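**Student:** Can you keep this structure in mind? I'll have questions shortly.
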Amino acid sequence: MAVTGADTAQAVETVFRIESARITAVVARIVGDVGIAEELAQDALVAALEQWPATGVPANPGAWLTATAKHRAIDLVRRKETYARKLAEVGRTLEDVPPPPEPAEPDDIDDDLLRLMFTACHPVLAADARIALTLRLMGGLTTREIARAFLASEPTVAQRIVRAKRTLAKAGVPFEVPYGADREQRLASVLEVIYLIFNEGYAATAGDDLLRPALCEDALRLARLLSALMPDEPEVHGLAALLEFQASRTAARTGPDGEPVLLADQNRATWNRMLIRRGVEALSRAGSGPYALQAAIAGCHARAVRYEETDWAAIATLYGRLAELTPSPVVELNRAVAVSMAEGPEAALPLVDALVQDPALRGYHLLPSVRGDLLERLGRPEEARAEFERAASLTANARERDLLLRRAADRP
């Protein structure tokens, strides 16, 4: 069968989607600028689209694209500065700036993908910019795909990405994996970005769909990649474990028409056992940080064959430990839910009532939702109805709103 130009173009785009992060990472190490690196990677894509229909798809298309982008990067560096000037600049740098302290152990991971991830997730960028840039550079998503995933306009996302690249260049953010104390802060930023991407896919903040599985898959892939690149970082495995456990329940979280299915009503036979096994394995390598504790909580759910077998006392204890590490009204709200299941709604209602005036939860729809559930279990249906109606008015997700309104209407 003859290979058409359309077939070749499809092959080019497929290979580029798979290899784009690695190509951009390799080139960024040469030019020191992720914006320019992405442009050169795109140039390599254009070259492939022009040449492969005539020459055929090479035996190793990823290597071809990488080599083409690298050659263009080297040409660019040579054009911009002479070799002597580069030597002079390097000399001045060595004279003026002391070298970074060498770690006791050789923990400088020589992997361009890891460097790219740390650069895209740099704290100098706002959270939304870090998310968009990471999905663009590491996930290989187009601007249109990112905009659709986050229900934003394409021009808005495009500008967000452009500004992020400019900010990194202006701030002189080095293309590196950091050492020492800075490493911990930067790693926390990387983990946060992956976590936020997953959460937006797991429980969409707005729109008509409860889930956006593609975002969950992107985040899970990034978490697995990071854990492979940083095997000695316990919290990396903690995040990976958390996402594996959470993703294992995806198929059971919505009904035939996309409506939410509460945890108590989920068909646990449809939970993905392979992902649960992966979560257990990752958790065994995690420490006792915030992501590891959240993963342990998710693991309690995953190990319960039936909802009635859930170890709510252990979950409440884990939330208590999490609250000590990262004090948060949301964590306290989740702890109250666990207490209500372990000790009864009467023990949990005062904990929830104490959060009602917290400004951080003003507008947070899950607070009145939880309070409504407790009031319902305490036999106070009128108050429960008002709480469910208030929760419905606060959420921007249509599926959650419908569920909450149904719960309000079901009250006698």
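The values are calculated or read from the model by the stated rules, or taken from the named source; none is laboratory data. The shown structure was predicted, so the numbers you read here are calculated from the model rather than taken from an experiment. Every residue, glycine among them, receives a Cβ derived from its backbone with ideal geometry; neighbour counts consider all protein chains shown. Note: accessible area is taken over every heavy atom of the protein model, side chains too, but ligands, DNA and RNA are not part of it. Shrake-Rupley method; radii C 1.70, N 1.55, O 1.52, S 1.80 Å.
**Student:** What single numbered condition from (1) within 20 Å of the chain's Cα centre (by Cα); (2) free of Cβ contacts under 8 Å to residues at least 60 places away in the same chain; (3) assigned to a helix (DSSP H, G or I) fails to hold for TYR291?
**Tutor:** (2)
**Student:** Write out, first by first residue and then by second, each pair whose Cβ atoms fall under 7 Å of each other, whose residues are 6+ apart or on separate chains, and whose first residue, in segment 228-253, is β-branched (Val, Ile, Thr) while the second is at pLDDT below 90 and buried (at least 20 other Cβ atoms within 10 Å of the Cβ).
**Tutor:** That search, which allows pairs on different chains as well, returns THR250/CYS216.
**Student:** Moving on to the next point. Might you check whether a residue that is more than 22 Å from SER369 (Cβ to Cβ), touching a Ser or Thr at 6+ places or on another chain (Cβ under 8 Å), among the aliphatic types (A, V, I, L, M) and open to solvent by 60 Å² or more (accessible area, probe 1.4 Å) occurs anywhere in segment 228-250?
**Tutor:** No, segment 228-250 contains no residue that is more than 22 Å from SER369 (Cβ to Cβ), touching a Ser or Thr at 6+ places or on another chain (Cβ under 8 Å), among the aliphatic types (A, V, I, L, M) and open to solvent by 60 Å² or more (accessible area, probe 1.4 Å).
**Student:** If the Cβ limit is 7 Å and pairs must be 6+ apart or interchain, which residue in segment 154-172 that is under 12 Å from ALA120 (Cα atoms) pairs with which residue that is of a type outside the set (A, V, I, L, M) and open to solvent by less than 60 Å² (accessible area, probe 1.4 Å)?
**Tutor:** If the second residue must be of a type outside the set (A, V, I, L, M) and open to solvent by less than 60 Å² (accessible area, probe 1.4 Å), the pairs left are ILE161/ARG136; ILE161/THR143; LYS165/GLY35; LEU168/THR119; LEU168/HIS122; ALA169/ASP33; ALA169/GLY35.
**Student:** On to the next question. Determine whether TYR319 is touching a Phe, Trp or Tyr at 6+ places or on another chain (Cβ under 9 Å) and among the aromatic types (Phe, Trp, Tyr).
**Tutor:** Details: touching a Phe, Trp or Tyr at 6+ places or on another chain (Cβ under 9 Å): no; among the aromatic types (Phe, Trp, Tyr): yes.
No; evaluated as a whole, the condition is false for this residue.
**Student:** Would you mind finding the one in VAL331, VAL339, VAL356 that is under 19 Å from ALA408 (Cβ atoms) and of a type outside the set (D, E, K, R)?
**Tutor:** Numbers: VAL331 fails: under 19 Å from ALA408 (Cβ atoms); VAL339 fails: under 19 Å from ALA408 (Cβ atoms).
When all the criteria are applied, what remains is VAL356.
**Student:** Could you pull out the residue among LEU196, LEU151 that is over 25 Å from GLN42 (Cβ atoms) and touching a strand residue (DSSP E or B) at 6+ places or on another chain (Cβ under 8 Å)? First the steps, then the outcome.
**Tutor:** Details: LEU196 fails: touching a strand residue (DSSP E or B) at 6+ places or on another chain (Cβ under 8 Å).
After applying the criteria, what remains is LEU151.
**Student:** Another question, if that's okay. Please determine whether any residue of segment 141-155 is farther than 20 Å from GLU217 by Cα and either crowded, with 20+ Cβ neighbours inside 10 Å or of a type in the set (Asp, Glu) (or both).
**Tutor:** Within segment 141-155, one or more residues are farther than 20 Å from GLU217 by Cα and either crowded, with 20+ Cβ neighbours inside 10 Å or of a type in the set (Asp, Glu) (or both).
**Student:** Looking at TYR319, TYR291, which one is modelled with pLDDT of 95 or more and under 13 Å from GLU244 (Cα atoms)? It would help to see each step written out before you state the result.
**Tutor:** On the way: TYR319 fails: under 13 Å from GLU244 (Cα atoms).
Testing whether each residue is modelled with pLDDT of 95 or more and under 13 Å from GLU244 (Cα atoms) leaves just TYR291.
**Student:** May I ask you to list the residues in segment 298-308 that are assigned to a helix (DSSP H, G or I) and open to solvent by 30 Å² or more (accessible area, probe 1.4 Å)? Even if it seems obvious, please write down each step before you answer.
**Tutor:** Start the filter on segment 298-308 by keeping residues that are assigned to a helix (DSSP H, G or I), which leaves 298-303, 307-308.
If the condition is that a residue be assigned to a helix (DSSP H, G or I) and open to solvent by 30 Å² or more (accessible area, probe 1.4 Å), then ARG303, TYR307, GLU308 are the ones that fit.
**Student:** May I ask you to list the residues in segment 16-51 that are part of a helix (DSSP H, G or I), open to solvent by 30 Å² or more (accessible area, probe 1.4 Å) and under 27 Å from LEU222 (Cα atoms)?
**Tutor:** So the first thing to find is which residues in segment 16-51 are part of a helix (DSSP H, G or I), and the list is 16-31, 34-51.
Next, only the ones that are open to solvent by 30 Å² or more (accessible area, probe 1.4 Å) stay: 17-19, 22, 29-31, 36, 39, 42-43, 46, 49-51.
Result: ARG17, ILE18, GLU19, ARG22, ARG29, ILE30, VAL31, ILE36, GLU39, GLN42, ASP43, VAL46.
**Student:** A further question follows. May I ask you to verify whether ARG130 is basic (Lys, Arg), surrounded by 15 or more Cβ atoms within 10 Å (Cβ to Cβ) and modelled with pLDDT of 85 or more? Explain how you work it out, then say what you get.
**Tutor:** Details: basic (Lys, Arg): yes; surrounded by 15 or more Cβ atoms within 10 Å (Cβ to Cβ): yes; modelled with pLDDT of 85 or more: yes.
The answer is yes for ARG130.
**Student:** Here's something else I'd like to know. Need the failing condition index for ALA171 against (1) under 17 Å from LEU215 (Cα atoms); (2) surrounded by fewer than 15 Cβ atoms within 10 Å (Cβ to Cβ); (3) modelled with pLDDT of 90 or more, just the number.
**Tutor:** (1)
**Student:** Go through segment 52-67 and give me each residue that's assigned to a helix (DSSP H, G or I) and crowded, with 16+ Cβ neighbours inside 10 Å. Steps first, please.
**Tutor:** We begin by selecting, within segment 52-67, every residue assigned to a helix (DSSP H, G or I); these are 52-55, 61-67.
Scanning segment 52-67 gives TRP52, PRO53, PRO61, TRP64, LEU65, THR66.
**Student:** Can you tell me how many residues in segment 368-392 are open to solvent by 40 Å² or more (accessible area, probe 1.4 Å) and either part of a loop (DSSP other than H, G, I, E, B) or within 23 Å of ARG253 (Cβ to Cβ) (or both)?
**Tutor:** Filtering segment 368-392 down to residues open to solvent by 40 Å² or more (accessible area, probe 1.4 Å) leaves 371, 373, 376-383, 385-386, 389-390.
If we keep only those that are either part of a loop (DSSP other than H, G, I, E, B) or within 23 Å of ARG253 (Cβ to Cβ) (or both) too, we end up with 371, 373, 376-380.
Number satisfying all stated conditions: 7.
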